[in-house]
Structure formats: structure tokens, C-alpha cells
Amino acid sequence: MSQYSFKLPDLGEGIVVSEIVEWHVQVGDQVSEDQHIVDVMTDKAVVEVTAPVSGIVAKLACDAGVEIPVGSELILFDTNAAQDDTGNQANPTGNSALEPTTPVTSTTPSAASSVVSAPPAFANTTNKHILTSPSVRKRARHSGIDLSLVSGSGKFGRINNEDLERFIASGGAQMSVISSGGQGTTEIKISGLRRAIAKKMLQSKRNIPHYSYVEEVDLTALETLRAHLNKNKQEQQSKLTLLPFIIKALNKVLADFPHCNAHYNEESQILTQHSNINVGIATMTELGLLVPVVKNSQALDIWQNAAELTRVTGVTKQGRAKSDELSGSTITITSLGAIGGIVTTPIINAPETCIIGINKMQQRAVVIDGKIEIRTMMNISSSFDHRIVDGYDGALLIQALKTMLENPGAIFV
């Protein structure tokens, strides 16, 4: 019998280990070349991995939720397994090909990791044997729905989105709450994107000496300009929010602060300053915080920046962003202003040296030339890597940004 051992591929970005998010095959399944077999988590995104060959799944490396090193065995295929005349796997037991194959535990651990053929019976294998699409399975997992309780209306009892909708609308059962001594608790294993976020934030906060700087900005003139541009925009142009103006203002001022549009490699102690300004936009998704990137923002006008901003954040929220769209940022903007908040102290998106935080915009009474006026005000927060950016330089950058935003005509000069 010929077997093919498929190793966990190098997914780029210096990834040395990846977490198995979800298997889409099980031991005994007939798999075709290029078929989607597993979702793998990197530091940036969930990556769909496809089969390099056709064959029968003989062994899976581990359960979902486990991290394995790049280059270790991910899945083992029998590539010359017997098939019947219709191309389906021959089934000597006489069971339907739709019925799940009983998992068989490998007795020989791999040199790279302990390998088992499939999750044990107690690891909620029920959901894995149920006929449904990856999108339905993913939604059920995030909603805490046990798919074994959902009635499928499709062929062979396949569960579709409408079936899941009906189950949720009827108040379907959620995953159980662990009860002890009359006090309910829920235990949630931190895995997937949440674990990746936790690791990255810990590394950034532990390794980077942060300092923060906050300044208030008068956006009255900018808001008047923004309203005028939106009122007179062309139909195909995206609506301008505040962020495209901040991006273009940063394009102007970062030329004088190249060490704030840079990456610092702690091991080599090399600072790489970038001529392109790739702006990361911290974006909340159902899975957690991701940072899609507006690439080469300095080469785009304000409308193009607005369109690209809308596009990359949109595909990210939909879970369709590619790895390239979630990597390569040179400076990051994080905005909680829509929620509220006067001040934030954002954590730097390593290996960057600077992050800008946008807070809520509100009308306030301000003294101008001895008179009280009502102005549209907002605080800008910022954090800097003190190893690279001195406090004086960080303050100058924010003051230059403030001047640009308070005199928005300068953004277009």
C-alpha cells in the first residue's frame, strides 16, 4: 500500500507552529486533490489547507485546537486504496459511504508529535460526522450549538443555514453550563485566533517599553469639509469617514518621522524604516481582533483610501481576508470612537514602533480668543516604542498630526 505523508506547510510570516482550527475530513474519507481538508490558524488569519493528492485519509495529526510545528506530519493518505467502479471508496463492512468510519488510534507516535487517527469518542465527534457545510459548522461552533440536536432538511439529513436558523429561533439548546455546588460556571478553552491574539499582545507588552501621549484636536473645520465632500461625491465613490483623513494626514507628517513608520527587530537590533506607508486598521470580527492593511496609502488619494479601507475591513469582517491583506502594516490605527471613550492606551502592533488611537468625537465648549465657542473635539491617543521613539519626537508627531487635522486644506496640498 502506497502512503503519502503531508507535512504542515510553511505559511509564511516566519510562522514556526500553527494551530489546527477545524478538520473537514476524518479517517476513512475519500479525498480528492485540492479538496479543502483543514483550517489552520497563523498569527494573522485562518488559512484553508487543501489536499496535495487524492486518496483515503489514514491518519490525522491531532485534534482541533492543538498546535503543531511547521514541517511535522499533518495528515497521512493511502494513495492507492481500492475504489469501486463509481469512484467511491470500497466499503468491506457493507456500511453506507455516508456513515462515519470508526476512529482507530495510532499506536506509534510520530517523531514530530503524538499522532492519532481521529478524536476519541468523548471529544464531541458527533458534530464532525454530521453532514453540513463548513460555514454552518463554523457558525454553530461560535454560537455554542450542538449540531446533533439540529434536524437537517437536506439530502441524507444534511443541515443547511435555514435549519440552523430555525433551531436558533426556536430557542435551541446551547452547550451545557458546568454546574458545581449550585453555582454555574462556563469553562472555555482559549484557542484559535483568541490564543494568537493573547500571545501577540503579551509579547508586545512584555518586550516593548510603551509610553503613551494624548492630545485633543479641534475637528470642526474637518467635519465641515467632510460633510461637503460627502454631499458632492460621485456615485461610485465611497463615503468618507474620519479615518481616510487621518490616513492622509499621516502620509504628510510621517515623512518627518520615518522612525515612526518602521519595524524594529529586537534580535538583530535593526530598525527598518519604510518609504511605503501601509496602514493597519484594527478591526473587530466575530473571531476576534484582526488588522487588515491599506497598502501604499501614500500613493492613493482620499477617495481611493476610503474605498480600500472599506474593502479590506469588509472582507476581514466576513472572514474572507487573505493572508496578504492581513500583513505588512508599518503603522496601525485603532478606533473605538464609535463606542465612546475619552482616552485609550493602545498596545503597539509589533514589530511596529507606533500606534494611533482614535477616541470619540463630541461637541464641547472651548475658549477661543477669550470667547466660549462650541467646537467638535476629539482626543487622539498614541503609544510609542521608547527604545526607538523619544517622548519629544512622539509628542512632535502628534502635534504635527493635530495641526494637519485642524487645517484640513493642508491635507490636499
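The values are calculated or read from the model by the stated rules, or taken from the named source; none is laboratory data. Just so it is clear, the structure is predicted and the values come from calculations on it, not from any experiment. Don't worry about glycine lacking a Cβ; one is built from the backbone with ideal geometry, like all the others, and counts go over all protein chains shown. Please note that ligands, DNA and RNA were not included when accessible areas were found on the heavy atoms of the full protein model with its side chains. Shrake-Rupley method; radii C 1.70, N 1.55, O 1.52, S 1.80 Å.
Note on segment 180-249 and segment 270-308: Cα centroid distance 12 Å, given to the nearest whole angstrom.
Amide hydrogen proximity for T50: with H placed 1.01 Å from N in the peptide plane, the residues at 5 or more positions away or on another chain lying under 5 Å are I37.
Close amide H partners of K7, meaning residues 5 or more places away or on another chain with modelled amide H under 5 Å apart, are L74.
Using a probe of 1.4 Å on the protein chains alone, the accessible area found for W303 is around 50 Å².
For the peptides 311-317, 206-212, the ranking by mean Cβ contacts within 10 Å, running from highest to lowest, is 311-317, 206-212.
With the cut-off at under 19 Å, measuring from each backbone N in segment 294-312 to a point 7 Å along the Cα-to-Cβ line of Q234 picks out 299-311. Solvent exposure of M404, expressed as accessible area, is near 30 Å², computed with a probe of 1.4 Å over the protein chains only. Sequence-ordered 3J(HN,Hα) estimates for segment 261-270 from the Karplus curve with 6.51, -1.76 and 1.60 and θ = phi - 60° stand at 10, 8, 10, 10, 8, 5, 5, 8, 6, 10 Hz, glycine and proline given as x. Close amide H partners of G65, meaning residues 5 or more places away or on another chain with modelled amide H under 5 Å apart, are I20, V21. Nearest 5 is fine: what % of DSSP beta bridges in segment 320-413 come out antiparallel, could you say? Counting only bridges with both partners in segment 320-413, antiparallel ones make up about 75 percent.
Phi angles of segment 138-154 translate, via the Karplus equation with coefficients 6.51, -1.76, 1.60 and θ = phi - 60°, into HN-Hα couplings of 5, 5, 4, 5, 6, 8, x, 9, 7, 5, 5, 8, 9, 8, x, 9, x Hz per residue; Gly and Pro are given as x. Accessible area per residue (1.4 Å probe, heavy atoms of protein chains only) ranks Y213, Y392, Y4 as Y392, Y4, Y213, with the largest value leading. For V315 and D369, the FRET efficiency from 1/(1 + (r/R0)^6), where r spans their Cβ atoms and R0 equals 45 Å, is about 0.40. Couplings 3J(HN,Hα) for segment 190-207, derived from phi with the Karplus relation 6.51 cos²θ - 1.76 cosθ + 1.60 (θ = phi - 60°), are 7, 8, x, 4, 4, 5, 5, 4, 4, 5, 5, 5, 5, 5, 5, 5, 6, 9 Hz, where x marks Gly and Pro. The ratio of the alpha-carbon radius of gyration of segment 357-413 to the globular-protein estimate 2.2 N^0.38 Å is 1.38.
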